[in-house]
Amino acid sequence: MKRIRERSIAEEVALALDDWTHIRRAVHGAHSEKVENLFNLAMDLDPDPTRMRMRQAIAQNDLAAMLDLASPDKLASLGPGSVFALCVALWDGHEDQHEAVHRILDQGCRLYPGDFVLQSLTGFANQYDNDFTAAVTNRAAAVALRPGDVLARTNLAETLLFLGRVPEAEAAARAALAIAPANRIGLYQVGACRHYLGDHAEELAWFAKSAEIEANLDMRPDVLVARFENGRMTRDAIEAEVASDSIPMHVMTYLVGLVNHPDPAQRDPDFVLRTFKEQSATIGMWRASPVVEAMAHVEKEDWASAQATLEHKFARPFFLVMTPPGYEFMRALIQARVGRTDEARACWDRGLVEWEACTAADPQAWERSDSMRWRREAEAALPP
């Protein structure tokens, strides 16, 4: 301890102990002797008055003191490691302080733009609160700061995929796999990207590269839908999964597969609509619900119901039902079929703007995508 205190690494070691203390506090409880041991070590190594006050505020869960230390006029007196420690304590211990954490992190990133940990944490916080546009900036910065960090690259791929920037997401995931070829998340992400671009054989092949993908509870529905799309699983088997799975995200994945199968004969819009009616309490509040319901009505050529389902619902779902241009092209198709030509044209024009933005880098990659399917159907429905 004496030798560490005498060297320049003392502050960094103490900040690492702060992070470890937070983890122990979550695992063992705030009053654990294990927590107290690390707290005392950090205080002994780093006697800086401001950081000592920070550690005491976190240990006592003193919200007022933590917010005071992180106030806009005082934050510059803290280094990036201390900003990180305060934000983690506020985020995990005070759910109602997420807005404050966003403010602190934004200021922290302006003060220390070259700090990998702050960029990573800010990307996580923005992603958690569904601000994907902000998250992609932070996560791209994290990759630039540590190009060899596999998790930073898969985090970036995840955010790009939420934004519908599918080829870019695939490139980020492949870059992660170039560093760690067996990385489960990277393999899954490439498979997911192939799904949205309509390459279902490759989708399943990428999923099959790691047995851990199917073993993961949240990834398994995508694997089963991929098998369904490739004729290796029956529609009845997918519908049985819906009946046995109570997790809304999983159910939604299966329902999208049942209205978006590449073979129209395998789609089952009646089952999908019945499921929405039966499970309205759990999946009915999702932003994705009207979109998937509208897809089922389109499949039944019930244009009036499809139009009514989407009426006044313009917020895009966080669950990626389809790639971005598809939403407007589907609206254009529906509005054209109910005779609302002017509105159909407006949707079509917005869809083309998104299409150009998404496909500019590699138009050929989108030829089999869901957006191309909806574009062709909308174009056929619009009057000359």
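The values are calculated or read from the model by the stated rules, or taken from the named source; none is laboratory data. On a predicted model such as this, the values are computed, not experimentally measured, just so you know. As a convention, Cβ positions derive from the backbone with ideal geometry for all residues, glycine included, and neighbour counts pool all protein chains shown.
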Open item on the list: Given the options Thr137, Thr122, name the one that is under 30 Å from Ser371 (Cβ atoms), without any contact (Cβ under 8 Å) to a residue 24 or more places away in the chain and not in a loop (DSSP other than H, G, I, E, B).
Closed with: Thr137
Open item on the list: Pull out all pairs, ordered by first then second residue, where Cβ-Cβ is under 6 Å, the residues are six or more apart or on different chains, the first lies in the stretch 2-18 and is at pLDDT 90 or above, and the second is surrounded by fewer than 17 Cβ atoms within 10 Å (Cβ to Cβ) and not in a helix (DSSP H, G or I).
Closed with: none
- [ ] Scan (1) of a type in the set (Ser, Thr, Tyr); (2) surrounded by fewer than 20 Cβ atoms within 10 Å (Cβ to Cβ); (3) closer than 23 Å to Ala192 by Cα for the single condition Thr253 breaks and write down its number.
- [x] (2)
Task: Arg110 being farther than 30 Å from Asp370 by Cα and surrounded by fewer than 21 Cβ atoms within 10 Å (Cβ to Cβ) - done: yes
TODO: Determine the pairs where a residue that is over 18 Å from Ala336 (Cβ atoms) and in contact (Cβ under 8 Å) with a residue 12 or more places away in the chain, located within the stretch 363-376, has a partner that is surrounded by 17 or more Cβ atoms within 10 Å (Cβ to Cβ) and of a type in the set (Gly, Ala, Ser) with Cβ atoms under 7 Å apart, the partner being 6 or more residues away or on another chain.
DONE: Arg368/Gly198; Ser369/Gly198; Asp370/Gly198; Asp370/Gly326
- [ ] Give the residue, chosen from Ala171, Ala157, that is surrounded by fewer than 22 Cβ atoms within 10 Å (Cβ to Cβ), part of a helix (DSSP H, G or I) and either without any contact (Cβ under 8 Å) to a residue 40 or more places away in the chain or not aromatic (Phe, Trp, Tyr) (or both).
- [x] Ala171
Task: Residue among Ala125, Ala142, Ala135 that alone is among the small types (Gly, Ala, Ser), at pLDDT 95 or above, buried (at least 23 other Cβ atoms within 10 Å of the Cβ) and within 14 Å of the chain's Cα centre (by Cα) - done: Ala135
Task: Scope the stretch 328-369; condition surrounded by fewer than 22 Cβ atoms within 10 Å (Cβ to Cβ) and of a type in the set (Lys, Arg); matching residues - done: Arg337, Arg340, Arg345, Arg350, Arg368
TODO: Mind checking which helices (runs of 4 or more DSSP H) fall wholly inside the stretch 1-112 and carry at least 3 residues that are more than 24 Å from Gln127 (Cβ to Cβ)?
DONE: 2-5, 10-28, 33-45, 49-59, 63-69
